[in-house]
Amino acid sequence: MSSKKTINHQEVVKQPKHKSIKIKKLILNKSIINKGTGAGGSNTNKNGLTYEEITDLDDRITIIEKNKFSNKIKFDCNEKLFIKTKQANLFKCMKDKINPNIKKAHGCKNPDECYIDEEFKNIFIIEKKFQKCSGSVCEKIQTPDFKLWQYSRTFPSYNIIYIYCLSEWFKEKCKAEIEYLDFKNIKYFWGNSDTYKDDIIKFIINYK
């Protein structure tokens, strides 16, 4: 007689379909919650634009001349000319102005947005910070002194104006850090403000 056991298909316990559906829904809901709770990939509006894109000043400028790593522009409210660049393109378009003896530093390589005033030798570096839940993000706006020092050494012929573009979260959650920025005279603007673009453009074009 064979020792092979005959399987009675009626005895096989199957996972009920409704339980399987519930498990799938639970996993999906969990992933959605996790996706929208921190800064990371959640800094988008209902149209899918990131915080960097929402606060970009492109809709307030006219391009006068296009170059490989930068554009010569003017703000629509003024005739003054600036060079606009961002990220690593700042160092590429300013290659001949960089002090070759300065070592590269972390966090000082890719500004979110940058405007260069050749007339008064000013470089406006805009760093954008978005956050909507608790975490250690406040520490990210505690470092302007080092970045000013590093950028100033890297571009010794220019005056560095370091600017923060912050989401409203920082106003209530990072009060000591905001007080420190005021103390050190580091300029910051609230990117969620209806007047953000007007305010920061006015600051840039009137700075001397």
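Site pair Glu52 and Asp145 shows an inter-label distance of 2.8 nm when each label is modelled 7 Å from Cα along Cα→Cβ. When only Cα pairs below 8 angstrom with a gap of at least 6 residues are kept, region 51-206 shows a relative contact order of 19 percent. Taking 0.36 nm per residue of separation and subtracting the Cα-Cα distance, full extension of the segment from Glu168 to Asn99 would add 21.2 nm. The calculated pair-distance distribution of region 51-206 uses every alpha carbon pair, bins of 10 angstrom beginning at 0, and gives 10, 40, 36, 13, 0 percent.
A short reminder: the numbers here are calculations on the coordinates, not readings from a lab. Every value quoted in this text rests on a predicted model; they were computed, and no experiment measured them. Every residue, glycine among them, receives a Cβ derived from its backbone with ideal geometry; neighbour counts consider all protein chains shown.
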